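Below is one structure, written out as structure tokens, with a few remarks after it.
The values are calculated or read from the model by the stated rules, or taken from the named source; none is laboratory data. Source: prediction; values computed, not measured. Because the Cβ atoms are built from the backbone with ideal geometry, glycine has one as well, and the counts that use them run over all protein chains shown. For accessibility, only protein heavy atoms count, side chains too; no ligands or nucleic acids. Shrake-Rupley method; radii C 1.70, N 1.55, O 1.52, S 1.80 Å.
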Amino acid sequence: MINFLLTAAKSKQFQVIILEGAPLGGSQVMVNALRDKGIDTRVLPDSSCWAVMSKASKVFISTNNVLANGGLLAPIGTHPVCLVAKQFSVPVITVTISLKLCPYYPSDTQCTSLVKISKTEAQEVPWSTFECPLDVLPTNDWHTIEKSGNHALIVDSPITEYVPPHLISLFVTND
């Protein structure tokens, strides 16, 4: 995604608004790379999506996998952003590599064990992938929280969700 925007910046001047991507984060790398090249970049909380979408001309998203029906397995928070873009008639462009195109449909059982390609390792990414709860509720007092009251505290931190194909306008790949 960074290279895509850097290449576009060679021929046109534009502003980039990046949503923070909580709880996964990772937006800081993109912000630094774009700012270092002189691209006007702003970071906003995910919750501000409705407030800024009316100013957007395009939404660029990344994905973990592109399914056979054109739907996506994408980082959590992608689906709401796509819904807001649809409401404001802003095209959603998925920037990905052709390696992430897979032959499975959302109803296939193989979708529960797709392989995620990362910089560090290949690992399975099921539909219900969860991260550490500390990303959602950072605290040093987990032992106190777990033992307070009669009900256990359950903190879910999903990192992958399905985005239906009708919310995607265009796919851009390395091919």
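In the set Ile76, Ile17, Ile39, Ile61, which member is over 20 Å from Leu170 (Cβ atoms) and modelled with pLDDT of 90 or more? So that I can check it myself, show each step before the final result.
On the way: Ile76 fails: modelled with pLDDT of 90 or more; Ile17 fails: over 20 Å from Leu170 (Cβ atoms); Ile61 fails: over 20 Å from Leu170 (Cβ atoms).
Matching residue, one of Ile76, Ile17, Ile39, Ile61: Ile39.
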Problem set entry | Failed condition for Ile61, given (1) buried (at least 17 other Cβ atoms within 10 Å of the Cβ); (2) out of contact with any helix residue (DSSP H, G or I) (no Cβ under 7 Å at 6 or more places or on another chain); (3) of a type outside the set (Asp, Glu) | (2)
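If we scan region 72-92, do we find a residue that is open to solvent by 20 Å² or more (accessible area, probe 1.4 Å) and more than 19 Å from Val163 (Cβ to Cβ)? Break it down stepwise before answering.
Residues of region 72-92 open to solvent by 20 Å² or more (accessible area, probe 1.4 Å): 75-77, 79-81, 83, 86-89, 91.
Imposing the further condition that a residue be more than 19 Å from Val163 (Cβ to Cβ) reduces the set to none.
Checking region 72-92: not a single residue is open to solvent by 20 Å² or more (accessible area, probe 1.4 Å) and more than 19 Å from Val163 (Cβ to Cβ).
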For this session: Would you point out the residue of region 1-57, among those that are open to solvent by 80 Å² or more (accessible area, probe 1.4 Å) and of a type in the set (Val, Ile, Thr), that is nearest to Thr78 (Cα to Cα)?
Result: Val29
Problem set entry | Residues being basic (Lys, Arg) and in a loop (DSSP other than H, G, I, E, B) - total across region 21-75 | 2
